[in-house]
Amino acid sequence: MSTNNNIAQARKLVEQLRIEAGIERIKVSKAAADLMSYCEQHARNDPLLVGVPTSENPFKDKKPCIIL
Amino acid sequence: MGEMEALRKEADNLKDQITEARKVVQDTTLQEAVAGTALVGRVQLKTRKTLRGHLAKIYAMHWGTDTKFCVSASQDGKLIVWDTLTTNKVNAIPLKSSWVMTCAYAPSGNMVACGGLDNMCSIYNLKGKDGNVKVMRELAAHTGYLSCCRFLSDSEIITSSGDCTCVLWDIETGTEKTIFAGHLGDCMSLAVSPDFKMFISGACDFTAKLWDIREATCRQTFSGHESDINAIGFFPNGNAVITGSDDATCKLYDLRADQELVTYQDSGIMCGVTSLAPSLSGRLLLAGYDDFNVNIWDMLKAERVGVLAGHDNRVSCIGVSSDGMACCTGSWDSFLKIWN
């Protein structure tokens with residue numbers, strides 16, 4: 001019966017909301033600090049951020065050397 | 001009062017509790033926290049390669065792990081595995097159903113998967129004995145289209161579907177191990193956490209959900225978008241989630257603070273986000289839009305710092321290689337482009 005389905009769904013929703021309400025949360029200041037710290041630590045190894053020198057760019061078409 | 005009424009009241013109470021609990025830890029905003037950080041300089045990437053070969057719209061692409069190979073799926077009915085350095089096609093796999101919406105590369109490099117309006121996830125073995133690529137398994141049980149799939153290993157894959165569920169499959173037996181139900185709209189996209197313990201899903205109910213794979217539970221639900229979420233990804237350290245929506249914005253949600261930290265939006269952008277990928281450090285967010293462009297955002301400062309303009313139709317998919325060296329975009333114009 002659809003009413004029983006509706007009640008079953010409502011019970012599941014309440015159960016799920018209980019789980020979500022009960023989690024531990026950290027302060028936004030800590031969350032933000034950790035994101036900033038991660039970005040900073042890995043910035044110099046981020047090729048799209050700092051750029052790739054032509055000589056080290058595997059995607060750059062290298063002009064063939066001509067041996068004279 | 002009837003049980004239905006009581007349950008509704010309790011649900012509302014719990015929702016209020018969650019809203020309160022999130023406010024309690026909101027001692028600052030990301031914008032305030034990064035006030036002293038300089039904006040990254042203008043990011044200008046160039047197209048280094050154009051991968052030509054598909055004959056119709058490209059709907060999905062996925063980089064292999066620790067490799068310059070990637071796989072793409074097009075509604076021309078083909079999966080193509082590309083060597084992006086040489087632009088050579090390593091494999092061109094004809095599909096039974098041309099209505100493909102997603103593809104994935106196994107971390108091992110041994111398999112690829114795809115699916116779409118056939119409601120199935122087909123797994124292909126790239127390393128078969130006779131060199132031919134064949135269908136290894138057809139994972140069938142979803143009652144709606146397959147919108148996304150991601151391998152956990154050669155033996156497990158997670159799928160998201162228009163039937164509003166996500167499923168963890170045992171590839172060997174072809175059976176469903178776990179069904180993740182809870183979304184109230186089509187699931188459009190999923191991403192696996194860097195430690196492979198969790199995954200996130202974005203759906204047409206405007207929410208993103210964080211799931212614990214082994215416990216088979218939904219841990220957290222994130223709201224705020226005003227339309228379908230089409231794209232989702234993890235920040236590289238696994239502590240935050242980025243979503244892209246038809247409401248023309250992307251959002252960053254922190255998992256441990258359990259709330260949205262910032263929205264990436266611009267009054268000049270009025271079309272939906274189709275795809276997204278963070279750069280290796282997480283500082284840049286590359287997002288593909290319906291207006292044929294990719295916008296590059298400074299993820300901390302929430303400002304646009306670059307644009308990739310080069311496609312002649314919608315950018316449907318985007319990915320950054322695992323070493324962060326290049327970004328690949330796929331488009332309805334039938335081409336893939338490699339940028340750095």
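A cut-off of 5 Å between modelled amide H atoms, ignoring neighbours fewer than 5 places along the same chain, links residue B:156 with B:171. Against chain A, whose longest principal axis comes from its Cα atoms, helix A:2-21 is set at around 60 degrees. The packing ranking of peptides B:239-245, B:88-94, highest mean first, is B:239-245, B:88-94, where packing means the average number of other beta carbon atoms within 10 angstrom of each residue.
In order along the range B:282-289, phi translates into HN-Hα couplings of x, 5, 9, 10, 9, 10, x, 10 Hz, rounded to whole numbers, per the Karplus curve 6.51 cos²θ - 1.76 cosθ + 1.60 with θ = phi - 60° and x for Gly and Pro.
Think of it as helices only: each DSSP H run of n ≥ 4 in chain B is worth -39500 (n - 2.57), and spread over all residues that comes to -2500 deg cm²/dmol at 222 nm.
Under the combined filter of DSSP loop state and at most 16 neighbouring Cβ atoms within 10 Å, the range B:120-211 retains these GluC sites (Glu not before Pro): B:172. When chain B is treated as a Gaussian network with alpha carbon springs shorter than 10 Å, the biggest mean-square fluctuation among B:221, B:165, B:28 belongs to B:28. For the residue pairs B:96/B:134; B:49/B:89; A:60/B:68; B:15/B:209; B:127/B:177; B:68/B:96, alpha carbon separations beyond 22 Å are given by B:127/B:177; B:68/B:96.
Rg/Rh for the range B:61-112 stands at 0.95; both radii use Cα atoms, and Rh follows the Kirkwood definition. Qualifying GluC sites (Glu not before Pro) in the range B:224-331, where qualification requires a DSSP coil assignment and no more than 13 other C-beta atoms within 10 Å, comprise B:226. Couplings for the range B:241-250, taken from phi via the Karplus curve 6.51 cos²θ - 1.76 cosθ + 1.60 with θ = phi - 60°, read 10, 10, 10, x, 9, 5, 7, 6, 10, 10 Hz in order; Gly and Pro are left as x. At an R0 of 22 angstrom, the distance between the Cβ atoms of residue B:55 and residue B:132 translates into a FRET efficiency of 0.50.
Using a Förster distance of 30 Å, how high is the FRET efficiency between residue B:98 and residue B:322, based on the Cβ-Cβ distance and rounded to 0.05? Approximately 0.55, to the nearest 0.05.
Taking only Cα atoms, what is the 0 to 90° angle, nearest 10, from helix A:28-42's long axis to the longest principal axis of chain A? The angle comes out at about 20 degrees.
Every number in this text was worked out from the coordinates using simple rules, so none of it is lab data. Quick caveat, the model's predicted, so the values are computed rather than measured. No Cβ is skipped: glycine too gets one built from the backbone with ideal geometry, and neighbour counts run over all protein chains shown.
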